[in-house]
1. Taking the Cα centre of the range 14-184 as origin, work out the dipole magnitude from +1 charges on Lys and Arg Cβ and -1 charges on Asp and Glu Cβ, in debye rounded to 20.
2. Tally the DSSP beta bridges in the chain and give the antiparallel ones as a percent, rounded to 5.
3. Work out from phi, with θ = phi - 60° and the Karplus expression 6.51 cos²θ - 1.76 cosθ + 1.60, the ³J(HN,Hα) of each residue of the range 141-153, listed in order in whole Hz, and give x for Gly and Pro.
4. Given 10 Å bins starting at zero, what is the percent of C-alpha pairs of the chain in each, up to the one with the largest pair distance?
5. What is the magnitude of the charge dipole of the chain about its Cα centre, with +1 placed on the Cβ of each Lys and Arg, -1 on the Cβ of each Asp and Glu, and no other charges, expressed in debye to the nearest 20?
6. Sort 185, 262 so that the residue with the fewest other Cβ atoms within 10 Å of its own Cβ comes first and the one with the most comes last.
7. Ordered by residue, what ³J(HN,Hα) values in Hz, to whole numbers, does the range 194-200 give under the Karplus form 6.51 cos²θ - 1.76 cosθ + 1.60, where θ = phi - 60° and Gly and Pro are x?
8. Considering Cα pairs under 8 angstrom that are at least six residues apart, work out the relative contact order of the chain and quote it in whole percent.
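Values in this text are rule-based calculations from the coordinates and carry no lab data. Bear in mind the structure is a predicted one, so any value in this text is a computation, not a measurement. Note that we place each Cβ from the backbone using ideal geometry, even for glycine, and neighbour counts take in every protein chain shown.
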Amino acid sequence: MDLTRQYVFHAPTRVLFGSGSVQATGREVAALGGTAALVVTDRGVVNAGLLDGVKASLAAADVSATAFDAVEPNPSIGTVNAALAAYQSGGCNAIVAVGGGSPMDVAKAVGILASNGGAITDYEGKPDAIRNDLPPFVCVPTTCGTGSEVTPFAVITDQDRHWKMSIASPREVPRVAIIDPDLFLKMPASLIAATGMDALTHAIESYTNQDVQPFADAFDIHAIRLIGNYLRPAVANGNREAMAHMAVAATMAGMGFSQNRLGIVHAISHPVTSYVGTPHGVANAILLPYVMEFNAIGAGSRIAEIGKALTGDHPQMAWNPSPQAGIQAVRALSRDVGIPETLGEVGVTEEHVAAIAADAMKSGNIRINPRRVTQHEIEQVIRNAINGAHADQRPIRQVNG
Ligand SMILES: [Fe+2]
């Protein structure tokens, strides 16, 4: 790491953590000046009864609530526009997102449009175009994975272009994140596995990319350690303590990658999801070890450290920290929590390779990947992930940096 460079660490979200903290939602909105909140969520959250505490809290603080519960996975521009219409017709002046990454991303997009006008496509790749602060904005996550409750990114799908737009601005960072582990207890095991592996991918890509910085490092490596300790028991039985630690890990990983972005796992996984519909966390988890193999010559010592963090004091790792051991540790965790081993198993075929790789090359995460990458090399990584082929089994000499 080059400490003669300049770094910015920006993590302005006020984080409330703990059992029962959802009861503070209304108070937090009111403290920001909100009196009428659009509550952005999805049917799953409503059906699980997770909205009830939020609504009661808003009412107790004299904040009126207009619910918009039609957010779908990989939310579209049309959903953003419908939610904005609900915000305007409800006379709202604040936004509360309740759910996973999708409701939080829609809430960010609504906030951008409510304060800055125009269409959401106007802001893709143009952070400076978001000139005005968003309305008071509080996030209440109900999955532990995306970290969106503390990040400056929203991902919205443009269905006409088969394209997941990334809209980034420091103004999008939520003002308050309320992380109540009680809200995670109804997550099914498959969702815990997918979102937990998404959080791991955030931490690993942030910890290994070319823009690594000391402050993000601390969040990333601790998130990796927590996920190594707690993802398996969380998936096994929804253990309360394990879920609480996973919630911490997901938010920490979000704070980490907010500083320096990600890498080619996310560059590839977004078009994979657009083309075959694989859930974001599953696509990332499948791709992660194949990308780590490709990246190992650019981030070998850090991948070795990831292995140590994931496996703790496991004697095998203590004796032999190496990039291969790091990759194996990721593969073992993924397998244990039920993630498929190949993209072939989720429907990606040779016919998709060129289009997915071409879209991946448009990602801002390409530039900072720890190893320079061409479209041809991306295609090869995708083929390895389709077929379960390991890129290179030769020893990788450990490097400093
Ligand atoms: Fe992600």
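1. 220
2. Bridges in the chain that DSSP calls antiparallel: roughly 20 percent.
3. In residue order, the calculated couplings are x, 10, 10, 10, x, 5, x, 4, 5, 10, 9, x, 10 Hz.
4. All Cα pairs considered, the percentages come to 5, 25, 34, 25, 10, 2, 0.
5. It works out to roughly 560 debye.
6. Neighbour counts put them in this order, fewest first: 185, 262.
7. Those phi angles translate into 5, 6, x, 6, 5, 4, 4 Hz.
8. 15
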